[in-house]
Each structure stands twice: as structure tokens, then as C-alpha cells.
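Values in this text are rule-based calculations from the coordinates and carry no lab data. Model, not experiment: these values are computed from the prediction. All Cβ positions, even for glycine, are placed from backbone atoms using ideal geometry, and neighbour counts span all protein chains on display.
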Amino acid sequence: MHLRILILYINVFSAIFLFTETITHCLQTLTLTILSCYIGVAINIGVIKETQKMVSSMEFIRLANWLMNQVLVKSCYGVARKIKSHGFDWGDPSSKPLQKPSSFPNIVKCDLEGRGSQTLACDFHKVLLRTHSFFPYFMLVAFEGGSIFRAFFLLCSCPILWILNYEMKLRVMIFISFCGLKVKDMENTSRAVLPKFYLENLNLEAYEVVASVGSRVFFTTMPRVMVEGFLKEYLNADAVIATELHTAGCYFTGLLSKSGLLVKHSALMDYFGDTKPDLGIGNTSLHDQLFISLCKVSLKLACLRLYYVKVSI
């Protein structure tokens, strides 16, 4: 009993420290924004004459905005990763490894030769990516697609997300990140921002198997608009089966479509029908074991090793 109380106090103090650090990040970014605006105004009224001789005011403002944007993106993503590393569990309870060892072979034993004509079914988020957390990617969408205030609101929702179950966490993050967001802005973010961070977190062992097959079908509970562009452009995906979001005109409502969150094994049966994919990759969770059991050859990803993958663009 005393140990549980001690753990609770430690979590509370770590959360307070984390939010203090987050506020510091926000103050730094706001200061940077004000400074860039001041420089732009100063140039326009002729205070900085030497700089105006070298470059035009519009070019300097664009450069300042680009630098500020790069700093803000990395800052928001870094804070989101810190939140994940401080013990906030965003994962699905079913993602915990099974107590009984799986009978499926490890992915490192997969022969990569002669698979050019085969079809692969693979989970994107918990297999192809090394991280198990959705949160950093939603933070990028909230900031890049929306604004710094939307991103800050998502950060402030952490205490609420902490006590919710997996499905509700995902629904809340989707609502905060997408409600009122333009479809066009999200498309730009998925093409220009998210791929860089996806590439940094690719798992080498899974990527090698994906690259060896001829046909690739990816399944994920993440919103399709967040992953489809990357998977089709960088990994040559033939199909991306993911959670669909509801839209009203050219805006997202922040709600899911009628189909709700994707259930991977059901989606695989609906997509392939009576035909089984040649190869399936999953982790050691209960849902993934059920998912890959529907494939002719099933491979498990026993652990996530910290490899970096270089993909040619």
C-alpha cells in the first residue's frame, strides 16, 4: 500500500516537472515568434538598412519564418517524445506480450530471397515503426496542420489521456488534432513533415522483409490521412487499410467514420476474403498474433531494436 502511494507521488511530481518544462518550451517559441515579427517590422520601416541592402525584406522574413518553423516542429516533437518516455502509457493493453511464448518464427529467420511475387500483410505502427506511441505524430499534426495553440491544447490533455483506455485515448487525440482542420492542410503535412519522422523510426528488420516482397498491404489503427502518403510514396504500398475520419466539406470534424477504429484481423479478412496473404508480420501482442495467424507464413517481431534505416527518395 505504501509503495503504491509512493509511486503515485512520483508520477504526480514527474508530471508537474514535465508540464513546467513544456511551458518553458512554449515561452521560448513565443519569444522566437515575437522576435521574428519585430525583425520583419524593423526591416519594413528601414531600421536595419544594411540588411535591407543585402537581401530584400520579403526574403529575410521568409528565412526567419522557415527557421522559426523548423525550431517549433522539433521542439513540439521532442516534448511529445519526452512525455512518452516519462512513463505515460498510450498503448493498447492487448499490445502487452503474451505470457505464453508464441509458436511463430522470429522475423530474423526470414529468408529474403525469392519473395518478389509474394504478398505481405503488415502492421505499420507497432511493427514497421520502432516506437509504440501515437502521441508524437499527433503532436506534429496538431502543430503543423493546425497551430501552436492546438498543439499546446493537446499537451494539456495529457492528464486526461492518462486515465482513459486505448480506444478513448485515440479518439480524443484525433478530435483535438483534426477538429476544424482543413483537408488540404493535412495533406500538406502528411507529405512534407510526417515522412521525415517516420523514416527516423523505421525498424530495420521489418523494413528488409517489406522491401523483399512484390506486393505490400499495410494495416493500422492510425488515421489513413496520416500514413497513406508516406506508405505509398516511400514504401510502394499497394493498399493502406486504416481508420477513416469523418469530413464536412473541406474540413475534418474530428470524429471517426461509421466504421470506427480499425480492427486489424477483421480488416484483413474483409480485404483478402478467402485468399490468404503469403506473409504476415506482427509483434507478440494478442491482437497481432491473431492478425498474422490469418497469413500463410507468420513472422513475429520479438523486440524493437534501435536501428536507423536510410530510404532513397
If you average the sequence gap of Cα pairs under 8 Å that are 6 or more apart and divide by the length of segment 137-257, what percent do you get for the contact order?
28
Charge tally in the Cβ shell below 10 Å around residue 278, where Lys, Arg are +1 and Asp, Glu are -1, residue 278 excluded:
+3
Loop GluC sites (Glu not before Pro), segment 110-173, which have at most 12 other Cβ atoms in a 10 Å radius of their Cβ (DSSP)
113
Which pairs, out of 126/258; 184/276; 109/258; 232/300, put more than 29 Å between their alpha-carbon atoms?
184/276; 109/258
Loop trypsin sites (Lys or Arg not before Pro), segment 168-259, which have at most 16 other Cβ atoms in a 10 Å radius of their Cβ (DSSP)
258
Take every Cα pair under 8 Å in segment 93-300 that's 6+ residues apart, average their separations, divide by the length, and report that relative contact order as a whole percent.
32
